[in-house]
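> One structure follows; several queries about it will come next.
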Amino acid sequence: MPKYRLLEQDELKNLEPEFIQYLSSNGIDADKWKSILENDKSEMEMHIELFSDVVLQKSLEKISYLEHRTSSDLKLFYFEETEASLLALKSSTVDLLEITTIDKTNLDNIELYTATKKYSSTRESEIFELLNKGCTISKGDLFYQLKQFTRK
């Protein structure tokens with residue numbers, strides 16, 4: 001069972017050179033891989049699972065910011081080493097899907113919430129879970145624009 005998920009066929013195809021390198025580093029050359037494909041489905045699946053975990057782990061480690069938007073909610077996440085920070089906006093009158101920058105003028109009629117949370121599992125597992133719930137990767141621009149309004 002993979003830690004995150006199996007890479008899809010098109011993802012594996014795009015990562016073919018890296019997968020070949022992974023196999024090679026595990027002592028599996030082209031002939032041995034062909035034999036595994038033909039004779040040992042469970043070993044084949046194990047290598048694809050392990051490779052998927054390595055690729056996804058490295059990708060998740062590079063993510064620092066996520067966001068989730070609806071017309072009434074905007075949630076901005078920042079992932080540090082031991083905890084995640086959340087800055088959230090809520091409004092019943094302003095369409096938060098339309099906000100591209102945050103300043104004092106567009107915070108009228110909008111509630112601001114903040115929270116921090118220690119990771120209950122690993123940092124990467126929590127990022128993966130939020131991605132599966134509809135969050136998207138961001139550069140953190142809105143997070144830092146909003147952060148300036150949370151300082152006391």
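> Sum -39500 (n - 2.57) across every DSSP H segment of at least 4 residues in the chain, then divide by the residue count to get the 222 nm mean residue ellipticity, nearest 500.
Computed mean residue ellipticity for the chain: -12500 deg cm²/dmol.
> Follow-up. At ASP31 and THR122, where each label point lies 7 Å from the Cα along Cα→Cβ, what is the point-to-point distance in nanometres?
Taking the two extended label points, one gets 3.6 nm.
> If r is the Cβ-Cβ distance from GLU38 to LYS133 and R0 is 35 Å, what FRET efficiency results, to the nearest 0.05?
Efficiency, rounded to the nearest 0.05: 0.35.
> Based on the inverse mean of 1/r over its pairs of different Cα atoms, what is the Kirkwood hydrodynamic radius of the chain, in Å?
18.1 Å
> Size of segment 65-147 along its principal axes in angstrom, Cα-based, largest extent first?
Projected onto the principal axes, the Cα atoms of segment 65-147 cover 37, 22, 20 Å.
> Using the beta-carbon distance between SER92 and THR150 and R0 = 35 Å, what value does 1/(1 + (r/R0)^6) give for FRET efficiency, to the nearest 0.05?
0.95
> OK, next. So if we plug the beta-carbon distance of LYS58 and ASP103 into 1/(1 + (r/R0)^6) with R0 = 35 Å, what FRET efficiency do we get, rounded to 0.05?
0.45
> Under 30 Å from the Cα of LYS34, which lysines turn up, not counting those fewer than eight places away in the same chain?
Reachable lysines: LYS3, LYS13, LYS58.
Here, each number is a calculation from the coordinates, and none is a lab measurement. All figures in this text were calculated on a predicted structure; none of them were measured in a lab. For neighbour counting, all protein chains shown are included, and Cβ atoms are generated from backbone atoms with ideal geometry for every residue, glycine included.
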